[in-house]
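Remarks on the structure that follows.
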Amino acid sequence: MKILSLPALFATALLAQPQLSRIDESGYQKLIQSQSGRVMLVDFWATWCAPCRQELPLLAGLESRLRSKGLRLVTVSADEPEQERAAADFLTKSGISGPAYLRRAKDDDKFIRTVEPKWSGALPALFLYDRRGRLVQSFVGGTEIAVIEGAVRKLL
Amino acid sequence: MGRAGLGLAVLWSAAGFGQEFHLGARAAEFKLTDPRGVTAAVDPAPGNATVVLFISAVCPMSNDYVIRINDLYRDYSSRGVRFLVVNSNQNEEQAQVDDHARRAGFLFPVYRDPNNAAADRFGAQSTPEAFLLDGGGIVRYHGRIDDARNPARVKQRSLRLAIDAVLEGREVAAPETKAFGCVIKRARKTT
């Protein structure tokens, strides 16, 4: 039987935790460009945002149903670094398997303007991009999943 | 109008982004309801400056600013700055708002905003979100209180910088900022 030392066990436990990639304003632009050819739904959320937490499992289900048709869901957490672990855990619990990011903007104002100039940064916020990487629709505030699905299906 | 344009137009109009009292505009009278339930018109230009601050009783982001809001009030009300702290969320009951104000130890009343009419005129989207009017009722600042939820990580105290500038008769260096917060829960429009 293999016995792991305490530090090794600790390191193993850390490695088992899903990690969120950092994303800033330039990274966001690259992300949009990299998904060209797919319909992309970007969900800005945070662990402290109750409607965001309600929405995430529904979005995971939506992506699961429509992934074969070309939908990709990307999540961007607006949490502070000290909430990263909780954010990663919640994504796992919600069934999110796609790319997951933690917002680490060099300049918050610039980041938000990069996503959508009219957006204040209020959560929850979803941004729908077509296969050419163009922002087609924005959903700020809790939105019924049927409304989101309807908008997505028009692009698939 | 193409599909993209229509989608955005529907979203932004539904959320009340008309923003009549935008940066640089002169605010007109607007109505607020005080904690006793009395609704009255508010003069936007009664003194040195007015801070209109939209908050929530339940939004964790807004609640993380409770101490900072009290500090702002304490530091600037004595210098003639009026604070109108407003809860426009239609899903928060009056008792909830009153209880929150008591627990937070607010040094000022929290006003209600029936049918989020004031939030619509200011174009407020989230909590916490601040507007600063000068003595002439002109909107001189719109945006966040500061740039970090965690007070230890704050680099720019945006609202304080704006108030200082207005009180000293200077231009506000960063008159419009953005911030992550909770969406203001508005009344459903039936039109």
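With bins 5 Å wide beginning at 0, the percent of Cα pairs of the stretch B:3-183 falling in each bin runs 1, 8, 17, 22, 22, 16, 8, 3, 1, 0, 0.
With both residues required to sit in the stretch B:3-183, DSSP beta bridges show an antiparallel share near 65%. Both numbers refer to the Cα atoms of the protein assembly as shown; Rg and Dmax are 21.4, 79 Å.
Treating the beta-carbon of each Lys and Arg as +1 and of each Asp and Glu as -1, no other charges, what is the dipole magnitude of the protein assembly as shown about its Cα centre, to the nearest 20 debye?
That gives a dipole near 1140 debye.
Springs between Cα atoms under 10 Å define the GNM used for chain B, and in it the highest mean-square fluctuation of B:V38, B:V58, B:V139 occurs at B:V38.
Using the 2.2 N^0.38 Å rule of thumb for compact globular proteins, work out how the stretch B:104-191 stacks up: its C-alpha Rg over that value, please. Spell out each step's value before the answer.
Working: Rg = 14.6 Å, N = 88, 2.2 N^0.38 = 12.1 Å.
Its radius of gyration relative to the 2.2 N^0.38 Å reference: 1.21.
Shielding by partners for peptide A:43-53, expressed as the average number of C-beta atoms from other protein chains within 10 Å of each residue's C-beta, is 3. Considering the options B:N150, B:A165, B:I184, tell which one lies farthest towards the positive end of the dipole of the stretch B:139-188, charges being +1 on Lys and Arg and -1 on Asp and Glu at the Cβ, about the Cα centre. Result: B:I184, furthest along the dipole toward the positive end. Counting Cβ atoms of other protein chains within 10 Å of each residue's Cβ and taking the mean over peptide B:174-180 gives 6.
Please identify the DSSP H helices in chain A that span no less than 20 Å along the helix axis (Cα) and have a mean Kyte-Doolittle hydropathy of -0.5 or more.
Details: long enough: A:50-66 (25 Å, 0.07).
Once both thresholds are applied, what remains is A:50-66.
Per residue of the protein assembly as shown, what 222 nm ellipticity follows from adding -39500 (n - 2.57) for every DSSP H run with n ≥ 4, rounded to the nearest 500? Could the numbers behind the result be given before it?
Numbers: 12 runs with 122 residues, N = 347.
Rounded to the nearest 500, it is -10500 deg cm²/dmol.
Across all Cα pairs in chain A, the calculated P(r) in 10 Å bins from zero up to the longest distance comes to 10, 40, 34, 10, 5, 1 percent per bin. Note on A:111-120: average number of Cβ atoms from other chains within 10 Å of each residue's Cβ is 4.
Taking every DSSP bridge with both residues inside the stretch A:17-155, close to 45 percent are antiparallel. In the protein assembly as shown, what is the count of Lys pairs whose alpha carbons are under 18 Å apart, counting only pairs at least 8 residues apart or on separate chains? Final tally of qualifying lysine pairs is 11. Looking at the protein assembly as shown, the DSSP beta bridges with both ends there are about 55 percent antiparallel.
Here the Gaussian network model covers chain A, with springs between Cα atoms less than 10 Å apart; of A:L66, A:L41, A:L123, A:L66 fluctuates the most.
For B:K31, nonlocal amide neighbours, meaning residues 5 or more places apart or on other chains whose placed amide H falls under 5 Å from its own, are B:V42. The mean sequence distance of close C-alpha pairs (under 8 Å, at least 6 residues apart), as a share of the length of chain A, puts its relative contact order at 32 percent. Neighbours of B:D99, meaning other residues whose beta-carbon lies under 11 angstrom from its beta-carbon, give a summed charge of -1 when Lys and Arg score +1 and Asp and Glu score -1.
Read-outs throughout are calculated quantities, based only on the coordinates presented, and are distinct from any laboratory measurement. Given the structure is predicted, the values throughout are model-derived calculations rather than measurements. So basically every Cβ, Gly included, is an ideal-geometry build from the backbone, and we count neighbours across all protein chains shown.
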